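The values are calculated or read from the model by the stated rules, or taken from the named source; none is laboratory data. Note that the structure is predicted; figures quoted are calculated from it, not measured. FYI the Cβ positions are ideal-geometry reconstructions off the backbone, even for glycines, and counts take in every protein chain you see. Heads up: the accessible areas ignore ligands, DNA and RNA and are worked out on the full protein's heavy atoms, side chains in. Shrake-Rupley method; radii C 1.70, N 1.55, O 1.52, S 1.80 Å.
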Amino acid sequence: MNYSGPLVFAVAILLQGSAFSADIIEKRFHQFDTNHDGILSGDELLASPILQKLDAAKLGPLTLDEARRTINRLKATGAPLEVPTPTTLLEKKASLTEAPLMISPSNTGLGRQVPDVTLQSSKGEQLKLSELAKGNVLVLALFNDKCPISNKLAPELSRIEKDYTSRGVKLCLIHTSTEPNLDGTQRFMESSGIGSPWFLDRKQTLQQSLLATTSTEVFVLDGSRTLVYRGAINDQYGLGYSRDVASKHFLREALDSLSNGRLVEVRATTSPGCALDLVTDTSGNKTDLTYHKDIARIIQSHCIECHHGTGLAPFSLEKYEDVIENAGMIKKQVDRGVMPPWFAANHPGHSWANDRSMSDQDKSDLLAWLRSDRPIGNVEDAPLPRRFLGEWSIGQPDAILEMPTAIAVKAEGTMPYQHSVIETSFPEDRWVQAYEIIPQSRGVVHHVIVSMHEKGAQVGSANAAAGFWAAYVPGNSYRNMPEGFAKKLPAGARLRLQIHYTPNGKAVEDKIKIGLKFTKKDPLYEVKVSSLWNPRIHISPGASDHVEYAQRQLDEGMSITGYMAHMHVRGKAFKYELLTPGQPPEVLLDLPRYDFNWQLQYTCVQPKVIPPGSTLKITAVFDNSAGNPANPDPSKVVRWGEQTNDEMMIGYIEHVAPVTLR
């Protein structure tokens, strides 16, 4: 663990052993004296146990001289300095993000001649690979217009086409689907500006011969069809992250080497994208499970909420053919615990009203069926189809609010947070039973945080740590509150939207609307959102397990109904705890594998009643190392900031209070 954050400088010194000097002490002191006043205040020393140990005078602020005296005394007496350990953090699991990685070229087909497969062009022509490769350096680029990462990489393929055609390079795109939508794919090609031919591989013959793995993999063949490079186009996009620009241009470097008569230096990489499901002999993998009787019900229970025709997900899983078409990605994401999205660790006594987790039995059955000959079974065994309400998951709203102007979203890279203000203009207070946030261009919206400002209040740069009134985050686009519970919307209030856009390969405009359903009468309880936060985070360059804390004692009790952790792309793990005098710490929510892409709310089945005098504590772990694919800059000291390149540490807490006691 790296404790180089707001834990007092002396922790790092003492962990180095006895060979430390006054110079080291002074260096560490100044590192954390962020306002350069010669004093480490309580804000700069958020880890109170350490502050109490070093603060011999017990007066709070710590001077450099006092720190030196305390450490020398401890050193002379041999007394240990008690360090807050990360024992309250659960075991951190492997990251959910994937970036291209160099791999050994052995057993990848490199250096061998690719078989002379016959391909069918989008125009119906039959062409052999040898005809395409003759006299050219041939780039075979796999793609699938339903794969989000394929879409993001399309502009770069278009640029490569323009930059290298005159240098004897021929680009051919190979659709990975066995049954693509030809009209939709052609529109995708035209909108991407790609003029090169694209081909069908319905029987996956070429993909099989290339040992292909994902929908974004590219293969470079010389004029004799010898495979000289396979892997990623670049590292700008991967699973779970996007960068403003690529730092590694694998395909361009391979083509430059070939053009200049040099050996290709990086010959093979992984290629994060949508996992392929190549047809294999499954005759030996028999199962009694069938799609209609078993698998359709598992998909309905865990996937269809988002994976339907008008849902948030990029493709539907409503039919047998849909499941077969996306079998590779389903296997990958279910096996590594990304789908269905649910990251709360199991703890005794924990139960969540919106629990999406897949049971061990369901997971085992689904994977077993996908690895078998996938029998469809008897349609009479099929479950009733799921029905969706249409545009609004909450039903037709009583009122629809909309951003005054649309926001232009660029095609590539990253964007700073955008903001918009909506005037409500209701003449009287309203109680909101349900809300839903719908972007015009869902594919480019990562999250929306809505803050509420009463009439006459200044609407400036909202404090993200102060809580929120409504939110749209991956996996949570709407909120239905139970009968008797509601959010207050004061007369004439204004709603400020903070929007994080993630370009997906095509420039679009977006205009967000918010649907509201009102209660018929005043509720019994008002739903509010408060938070714990640490604005003094200080994450050292390269730190892979940097720990930060924040806590607050409650003078009054609180009835908690939900939690939502918020960090940015360096976030790694997060935990909420309850500290009650005389009691061991109680875990309220543990996220051992935090993922910026899935900021879910975890809603309690029953409100958690917190007694007065208790302390709420949050603990977060950050990964600022080069091993974090989503990290914008591992060499940077990271502090609090609104933009994704900075960091935040906020533990949002949804809680309720009786309306009569407001």
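Values computed for the structure shown
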item: Gyration tensor verdict on segment 427-568 (Cα atoms; rounded if a/c is under 1.5, prolate if a/b is larger than b/c, oblate otherwise); result: oblate
item: Coordinate range along principal axes, alpha carbons of segment 291-383, Å, largest first; result: 40, 28, 25
item: Mean separation of Cα contacts under 8 Å, 6 or more apart, over the residue count of segment 249-386: relative contact order %; result: 36 percent
item: Gained length - Ser559 relative to Leu367, 0.36 nm times residue gap less alpha-carbon distance; result: 65.1 nm
item: Label-to-label distance, nm, for residues given as Asn346 and Ile103 (7 Å Cα→Cβ offset); result: 3.2 nm
item: Links that overshoot a 24 Å alpha carbon limit, given the list Lys286/Lys319; Lys572/Lys636; Lys363/Lys608; result: Lys363/Lys608
item: For segment 578-662, radius of gyration divided by Kirkwood radius, i.e. Rg to Rh on alpha-carbons; result: 1.05
item: Segment 363-416 shape via C-alpha gyration tensor axes, a/c threshold 1.5; result: oblate
item: Proximal aspartates and glutamates relative to Lys332, as straight alpha-carbon distance under 13 Å, when same-chain residues fewer than 8 apart are discounted; result: Glu98, Asp277
item: Linear extension gain, Ser209 paired with Thr118, 0.36 nm per residue minus alpha-carbon span; result: 31.6 nm
item: 20 Å Cα-Cα reach of Lys517 towards aspartates and glutamates, excluding residues that sit fewer than 8 places from it in its own chain; result: Glu391, Asp398, Glu402, Glu423, Glu428, Asp429, Glu436, Glu454, Glu483, Glu526, Glu654
item: Candidate lysines - alpha carbon under 24 Å from Lys410, same-chain residues fewer than 8 apart omitted; result: Lys146, Lys152, Lys162, Lys248, Lys506, Lys511, Lys513
item: Peptides ranked, highest mean first, by Cβ atoms within 10 Å: ranges 228-238, 199-209, 383-393; result: 228-238, 199-209, 383-393
item: Length released on extending from Lys286 to Gln606, taking residue separation times 0.36 nm less the Cα-Cα span; result: 110.8 nm
item: Kirkwood estimate for segment 544-585, i.e. one over the average of 1/r between Cα atoms, Å; result: 13.1 Å
item: Among 99-109, 345-355, the order from most to least packed when residues are scored by Cβ within 10 Å on average; result: 99-109, 345-355
item: Whole-number D in µm² s⁻¹ for segment 147-211, Kirkwood Cα-pair radius fed into Stokes-Einstein, 25 °C, 0.890 mPa s; result: 192 µm²/s
item: FRET efficiency, Asp244 to Lys511 (Cβ-Cβ, R0 25 Å, nearest 0.05); result: 0.55
item: Alpha-carbon Rg with Dmax, taken over segment 490-589, Å; result: 19.5, 58
item: Segment 384-483 shape via C-alpha gyration tensor axes, a/c threshold 1.5; result: oblate
item: Highest to lowest packing among 161-169, 304-312, scored as the average C-beta count within 10 Å; result: 304-312, 161-169
item: Formal net charge of residues neighbouring Ala399 (Cβ-Cβ distance under 11 Å; K, R +1; D, E -1); result: +1
item: Euclidean distance between Cα centres, segment 301-335 to segment 137-154, Å; result: 20 Å
item: Neighbour cut-off at most 14 other Cβ (10 Å), DSSP loop, GluC sites (Glu not before Pro), segment 474-567; result: Glu483, Glu556
item: Simple Cβ-charge dipole of segment 178-302, Lys/Arg +1 and Asp/Glu -1, about Cα centre, in debye nearest 20; result: 120 debye
item: For segment 169-307, convex hull of alpha carbons as volume per residue, Å³; result: 174 Å³
item: Protein-only accessible surface order, largest first, of Asp633, Asp183, Asp322 at 1.4 Å; result: Asp183, Asp633, Asp322
item: Segment 205-286 - Debye-derived log10 I(q)/I(0), Cα point model, q = 0.11, 0.16 Å⁻¹; result: -0.37, -0.69
